[in-house]
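Reviewing the structure listed below.
FYI, it's all coordinate maths here, none of it is from the lab. The model shown is predicted, which means the values in this text are computed figures rather than measured ones. Ideal geometry is used to build each Cβ from the backbone, glycine not excepted, and the neighbour counts take in all protein chains shown.
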Amino acid sequence: MPSNHESERLLQEEKRKNLLCGGLAGEIQQVAQGIMLARETVELQTRGALPESSARFIEPALADMDVCVRYLNYIAENLTDLTSQVQGRLTPRL
């Protein structure tokens, strides 16, 4: 059985991990939002403004940005879930 000092140390360590995970999740979500804003700007600025020979390169790049944002959001959700699980608040998602 861990001593009171050891229990307190473990509790503080767990709090730091939760804070880090929550902070990282928030930062990742901000990056994802920035990418989506840039993606929307590119789409709006180039729609109908480029010759078809150039425009065909834009769609795959926009699709790649969508995939990257989904992946970043997935990582952020997992970090949030990890924090919630440790704190006993995890709600299953269907």
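Counting Lys and Arg as +1 and Asp and Glu as -1 over every other residue whose Cβ lies under 14 Å from the Cβ of ASP66, the net charge comes to -2.
With each label modelled as a point 7 angstrom along the Cα→C-beta vector, the TYR74-ARG47 pair spans 2.8 nm. Dividing the summed -39500 (n - 2.57) terms of all DSSP H runs of n ≥ 4 by the residue count of the chain sets its mean residue ellipticity at 222 nm at -28500 deg cm²/dmol. Relative to the longest principal axis of the Cα atoms of the chain, the long axis of helix 58-86 makes an angle of roughly 10 degrees.
The structure-derived value of log10 I(q)/I(0) by the Debye sum over Cα atoms at q = 0.10, 0.14, 0.17 Å⁻¹ appears in the list (1) -0.33, -0.62, -0.85; (2) -0.45, -0.67, -0.82; (3) -0.27, -0.53, -0.78 under the label (2).
Using a 10 angstrom cutoff on alpha carbons, build the Gaussian network for the chain and name the most mobile of ARG16, ARG56, ARG70. Among ARG16, ARG56, ARG70, the largest mean-square fluctuation in the Gaussian network model of the chain belongs to ARG56.
Using a simple spin-label model with pseudo-atoms 7 Å out from Cα toward Cβ, GLU27 and GLN12 lie 2.3 nm apart. Charged neighbours of GLN33, selected by a Cβ distance under 15 Å, balance to -2 (K, R count +1; D, E count -1).
Positive contributions from Lys and Arg (+1) and negative ones from Asp and Glu (-1), summed over other residues with Cβ under 13 Å from the Cβ of LEU79, come out at -2. Placing unit charges on the Cβ atoms only, positive for Lys and Arg and negative for Asp and Glu, gives the chain a dipole magnitude near 160 debye about its Cα centre.
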